[in-house]
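Asks: Next up is a structure, given as structure tokens.
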Amino acid sequence: MKKVVVIIVVLIVAGCGNFTDFDGYKWYTDTGSSTFSEYGTESNGIEVVGIDSNSGTDTSIDTDTLIEIDTLTSGGTDTESIVGISTDSCSDTGTNLCEDEEYHVCLDNAVWCADVTGAPLFLLWECDTTEHCDAGPPVQCACNKYNQCNEGDVWQYSACKGIEKLIKNCDGTCEKCLNLDEKNAQCLPVEANASRQCADDGNVHWFDSCGIEGELIKTCGVCVVCTNLDDQDADCVFVPDFTECDLITSPDRAYDICIDGICRSPGCGTADCNVPGPYFPLADSGQRECFSVSGVLNPCPSDGMDYFGQDAQYGWDISHSDLDRFSRTLDVLDEPIVKDNVTGLAWQGCSGGLGGNLCVVDDDGVPGASSYTWEGALKYCDKLEWGGHSDWRLPDSYALQSIVNYNNSDGAVYGAAFPATATDKYYWSSSFGSGQNNARGVLFSSGRVVISDISDGYVRCVRSDLSTPRPLVPITVSGDTVVVDQLNSLMWQGCSAGQDGADCSGDASKMHWSAALEYCETLALGGYEDWRLPNVMELGSIANGRFDSPAVDKTVFPFTDTYFYWSSSAVDPGTTMAWTENFQNGSVVFYPIFQSFPVRCVRNEQ
């Protein structure tokens, strides 16, 4: 402020006079402006109310009561001055420089008196270039304050006094002080985008050098979660297939899982919702006898003989009986549950519509299992309360095939575990078929996995506490491409017989069944010589129901022939048939063993 700033000048003047600047002080005269002497002596008949800045003595013509108020000179020095008003020259000694019902206001960096509407009336004093008008209270001219860097930290400066106080210490390691302009400074990170990391919102963000979250880089999701790869990088990474998620569909079902990074509801009506493969340890086929064109071979052929290397010579079934496979319990009356001790899956012990320990109790008054459309079967399992559990679902085709007994000529059924299983029609799976209005089912009369019209079939529901993803991972071993199934400790020939290289170039060789058995038994690949022809369960496990022509993940098994591939599993004695997997659409059917089909071998990893 120019001249003296009266910090709390308390005067209410009712037509008494004016204030005048003089020698660094504010002076009040009871009539207009006139020449007067320093320190308040009378001049030209003008009464001057003033004060000697040192003595504090009233030097006006009359001696009156003084109002004691501290003042500051323009240089900022606190004096002992007292500014007063002569009570006989102006009877009102109130607490405002403005008249009654007037107010102090800031306008154009100056203090004004204003009326009750805020309209300025007259100037009281101007603030100088180092000050700003502060609306208070009280309204006054205050020193300008600003922030600037000093010795690496942010400090507050005063235009009147210079440096005043520390505002913020800057961390010299991750941040530094930076003057943004002449009035502002901040502690800013040395590097704004120092690392990509997962933020609390589950997405990938930039983080600065001090670890403060910044700009969004990539939005993740339910089945593609943010994962910190190291302390500098992060990305949205697919969660394992079969991880449970939540998807609202119409109709809505309880069983939703992640498939290839997207939350899907199996049974949605398209192949996109089909599961990509089995999510449980593979079961053996049940075959315990070897076959040839003449029927049962007992004992099985030895190494080097015709038909050596078939299903019954390998696997879990060699050292276990059927009784070891399943456990049947009846914790709730008429609602048995069957636990598969190999796969870990739990099954509804009776077909839909039946109950009781032997599944002879029908719930609709009609003997035998009830029939359902595909949609009806999906709804039935989703709503099922059975054996004290409510998390049942319609099984996918891999799960449903896992309980087929491929060694039973009276029907492909484990009768002790699953009594009264119907064999005249297929049982529904949740896996959609290729084309329109069809789905995959299993015929328990033979074990065929078929694609059929969705109008009529039986149902048996399944549940499981945990899902175990089974990625198929291509690797190179001794210069050869192989595919590893870590869940089942299996290694697959990366290319079909007759093909070679990382891209499986060339045509797949086709051969009859006994030649297919011999080919795998004598194969040397990837430094291994213990290859064999896969059984029907193993071969079907690498088919992928989400694809068609070929029904396989082409990034894992490139250039797979859209044709039938031989398994090591024979059909009933004397039929001269063996099981095949159709890699055009994923169906499982049998053919005469003299047919010529492609081959892909497998081995057990130790």
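The values are calculated or read from the model by the stated rules, or taken from the named source; none is laboratory data. Since we're looking at a predicted model, the values are computed, not measured. Note: ideal-geometry Cβ built from the backbone for every residue, glycine included; neighbour counts use all protein chains shown. Areas reflect the complete protein model, heavy atoms only, side chains present, ligands, DNA and RNA absent. Shrake-Rupley method; radii C 1.70, N 1.55, O 1.52, S 1.80 Å.
Asks: If residue 154 satisfies all but one of (1) assigned to a strand (DSSP E or B); (2) open to solvent by 30 Å² or more (accessible area, probe 1.4 Å); (3) not basic (Lys, Arg), what's the number of the condition it fails?
Replies: For residue 154, the exception is condition (2).
Asks: Which residue pairs have Cβ atoms under 6 Å apart, sit 6 or more places apart or on different chains, and have a first residue in the stretch 240-251 that is assigned to a loop (DSSP other than H, G, I, E, B) and a second that is among the aliphatic types (A, V, I, L, M) and open to solvent by 40 Å² or more (accessible area, probe 1.4 Å)?
Replies: Pairs found: 245/222.
Asks: Only one of these conditions is not met by residue 556: (1) surrounded by fewer than 21 Cβ atoms within 10 Å (Cβ to Cβ); (2) outside any loop (DSSP other than H, G, I, E, B). Which number is it?
Replies: (2)
Asks: Tell me, please, whether a residue that is farther than 28 Å from residue 567 by Cβ and either in contact (Cβ under 8 Å) with a residue 60 or more places away in the chain or of a type outside the set (Phe, Trp, Tyr) (or both) can be found in the stretch 270-288. Lay out the reasoning, then the answer.
Replies: Step one: of the stretch 270-288, the residues farther than 28 Å from residue 567 by Cβ are 270.
Remaining after also requiring either in contact (Cβ under 8 Å) with a residue 60 or more places away in the chain or of a type outside the set (Phe, Trp, Tyr) (or both): 270.
Yes - at least one qualifying residue is present in the stretch 270-288.
Asks: May I pose another question? Take the residues in the stretch 486-515 that are hydrophobic (A, V, I, L, M, F, W, C) and in contact with a Lys or Arg (Cβ under 9 Å, 6 or more places away or on another chain), then tell me which one is farthest from residue 601 (Cα to Cα). Give the derivation first.
Replies: Going through the stretch 486-515, the residues hydrophobic (A, V, I, L, M, F, W, C) turn out to be 487, 490-492, 495, 497, 502, 504, 508, 511, 513, 515.
With in contact with a Lys or Arg (Cβ under 9 Å, 6 or more places away or on another chain) added as a condition, the list becomes 487, 490-492, 495, 497, 508.
Values: 487: 18, 490: 10, 491: 9, 492: 6, 495: 9, 497: 8, 508: 13 Å.
Taking the candidates together, the pick is 487.
Asks: Hey, residue 536 hits all of (1) at pLDDT below 95; (2) more than 35 Å from the chain's Cα centre (by Cα) but one; which does it fall short on?
Replies: Going through the list (1) at pLDDT below 95; (2) more than 35 Å from the chain's Cα centre (by Cα), residue 536 breaks only (1).
Asks: Identify the residue in the stretch 566-578 that is open to solvent by less than 10 Å² (accessible area, probe 1.4 Å) and in contact (Cβ under 8 Å) with a residue 60 or more places away in the chain and, among all such residues, is nearest to the chain's Cα centre (by Cα). Let's see the steps before the verdict.
Replies: To start, the set of residues in the stretch 566-578 that are open to solvent by less than 10 Å² (accessible area, probe 1.4 Å) comprises 566-570, 578.
From the residues that got through so far, the ones that are in contact (Cβ under 8 Å) with a residue 60 or more places away in the chain too are 567-570, 578.
Values: 567: 41, 568: 43, 569: 43, 570: 47, 578: 46 Å.
Here the residue is 567.
Asks: While we're here: Would you pick out the residues in the stretch 482-500 that are open to solvent by 30 Å² or more (accessible area, probe 1.4 Å), out of contact with any Gly (no Cβ under 8 Å at 6 or more places or on another chain) and of a type in the set (Gly, Ala, Ser)?
Replies: Matches in the stretch 482-500: 489 only.
Asks: What is the residue count in the stretch 375-426 for residues that are touching a residue at least 24 places away in the same chain (Cβ under 8 Å), closer than 30 Å to residue 571 by Cβ and among the small types (Gly, Ala, Ser)?
Replies: 11
Asks: Sticking with this one: At least 1 residues that are more than 38 Å from the chain's Cα centre (by Cα), among the aromatic types (Phe, Trp, Tyr) and surrounded by 15 or more Cβ atoms within 10 Å (Cβ to Cβ) in each: list the strands (runs of 3 or more DSSP E) lying fully within the stretch 410-481 that qualify. Before the answer, list the steps.
Replies: Details: elements: 427-432, 438-443, 448-453, 472-477.
Qualifying strands (runs of 3 or more DSSP E): none found.
Asks: Another question, if that's okay. Out of 538, 521, which single residue is under 30 Å from residue 430 (Cβ atoms), among the acidic types (Asp, Glu), in contact with a strand residue (DSSP E or B) (Cβ under 8 Å, 6 or more places away or on another chain) and open to solvent by 10 Å² or more (accessible area, probe 1.4 Å)?
Replies: Values: 521 fails: under 30 Å from residue 430 (Cβ atoms).
Step by step, each of 538, 521 is checked, and only 538 is under 30 Å from residue 430 (Cβ atoms), among the acidic types (Asp, Glu), in contact with a strand residue (DSSP E or B) (Cβ under 8 Å, 6 or more places away or on another chain) and open to solvent by 10 Å² or more (accessible area, probe 1.4 Å).
Asks: Also, I was wondering about something else. Return a yes/no flag: does the stretch 569-589 have any residue that is assigned to a strand (DSSP E or B) and touching a Cys at 6+ places or on another chain (Cβ under 8 Å).
Replies: Looking only at the stretch 569-589, we keep the residues that are assigned to a strand (DSSP E or B), and these are 569-570, 577-582, 588-589.
With touching a Cys at 6+ places or on another chain (Cβ under 8 Å) added as a condition, the list becomes 570.
Within the stretch 569-589 (the criterion being assigned to a strand (DSSP E or B) and touching a Cys at 6+ places or on another chain (Cβ under 8 Å)), the answer is yes, since at least one residue qualifies.
Asks: Out of everything in the stretch 326-352 that is in a strand (DSSP E or B) and within 19 Å of residue 282 (Cα to Cα), what residue ends up being most open to solvent (accessible area, probe 1.4 Å)? Walk me through it before giving the result.
Replies: Residues of the stretch 326-352 that are in a strand (DSSP E or B), as a first pass: 326-332, 335-340, 346-348.
Applying the additional criterion that residues be within 19 Å of residue 282 (Cα to Cα) yields 326-327, 338-340, 346-347.
On the way: 326: 25, 327: 47, 338: 0, 339: 89, 340: 0, 346: 10, 347: 0 Å².
Taking the candidates together, the pick is 339.
Asks: Which one is farthest from residue 311 (Cα to Cα), of the residues in the stretch 504-520 that are of a type in the set (S, T, N, Q) and not in a helix (DSSP H, G or I)? Spell out how you get there, then give the answer.
Replies: If we filter the stretch 504-520 for residues that are of a type in the set (S, T, N, Q), which is where we start, we get 505, 509, 514.
Then keep just the ones that are not in a helix (DSSP H, G or I); that gives 505, 509.
Numbers: 505: 29, 509: 22 Å.
In this case the residue turns out to be 505.
Asks: Just checking, how many residues over the stretch 231-255 are farther than 30 Å from residue 269 by Cβ and open to solvent by 80 Å² or more (accessible area, probe 1.4 Å)? Walk me through it before giving the result.
Replies: We begin by selecting, within the stretch 231-255, every residue farther than 30 Å from residue 269 by Cβ; these are 231-235.
Applying the additional criterion that residues be open to solvent by 80 Å² or more (accessible area, probe 1.4 Å) yields 231-232.
Result for the stretch 231-255: 2.
Asks: Can you say whether residue 275 is over 47 Å from the mean Cα position of the chain (by Cα) and not polar (S, T, N, Q), as far as the supplied structure shows? Spell out how you get there, then give the answer.
Replies: Numbers: over 47 Å from the mean Cα position of the chain (by Cα): no; not polar (S, T, N, Q): yes.
Considered against the rule, which asks whether it is over 47 Å from the mean Cα position of the chain (by Cα) and not polar (S, T, N, Q), residue 275 comes out as no.
Asks: I've got another one for you. Testing residue 366 on (1) within 43 Å of the chain's Cα centre (by Cα); (2) more than 27 Å from residue 575 (Cβ to Cβ); (3) surrounded by fewer than 21 Cβ atoms within 10 Å (Cβ to Cβ), one condition comes back false. Which one is that?
Replies: The one condition residue 366 does not meet is (1).
Asks: In contact with a helix residue (DSSP H, G or I) (Cβ under 8 Å, 6 or more places away or on another chain) and either surrounded by fewer than 21 Cβ atoms within 10 Å (Cβ to Cβ) or among the charged types (D, E, K, R) (or both): is that true of residue 581 in this structure? Explain how you work it out, then say what you get.
Replies: Working: in contact with a helix residue (DSSP H, G or I) (Cβ under 8 Å, 6 or more places away or on another chain): yes; either surrounded by fewer than 21 Cβ atoms within 10 Å (Cβ to Cβ) or among the charged types (D, E, K, R) (or both): yes.
Against the criterion (in contact with a helix residue (DSSP H, G or I) (Cβ under 8 Å, 6 or more places away or on another chain) and either surrounded by fewer than 21 Cβ atoms within 10 Å (Cβ to Cβ) or among the charged types (D, E, K, R) (or both)), residue 581 qualifies.
Asks: Please return the ranges of strands (runs of 3 or more DSSP E) entirely within the stretch 185-238 where 2 or more residues are under 18 Å from the mean Cα position of the chain (by Cα) and of a type in the set (S, T, N, Q).
Replies: Numbers: elements: 185-189, 195-198, 204-207, 213-218, 224-228, 234-238.
Answer list for the stretch 185-238: 224-228.
Asks: Let me ask something else. If the Cβ limit is 6 Å and pairs must be 6+ apart or interchain, which residue in the stretch 454-480 that is closer than 20 Å to residue 555 by Cβ and modelled with pLDDT under 90 pairs with which residue that is of a type in the set (D, E, K, R) and crowded, with 19+ Cβ neighbours inside 10 Å?
Replies: 469/241
Asks: Mind checking which residues of the stretch 325-352 are without any contact (Cβ under 8 Å) to a residue 24 or more places away in the chain and in contact with a helix residue (DSSP H, G or I) (Cβ under 9 Å, 6 or more places away or on another chain)?
Replies: Once the filter is applied, which keeps residues that are without any contact (Cβ under 8 Å) to a residue 24 or more places away in the chain and in contact with a helix residue (DSSP H, G or I) (Cβ under 9 Å, 6 or more places away or on another chain), the stretch 325-352 yields only 341.
Asks: Still on this structure, please answer the following. Which of the residues spanning the stretch 541-567 are among the hydroxyl-bearing types (Ser, Thr, Tyr) and touching a strand residue (DSSP E or B) at 6+ places or on another chain (Cβ under 7 Å)?
Replies: Within the stretch 541-567, the subset among the hydroxyl-bearing types (Ser, Thr, Tyr) is 541, 549, 555, 560, 562-563, 565, 567.
Scanning the stretch 541-567 gives 563, 565, 567.
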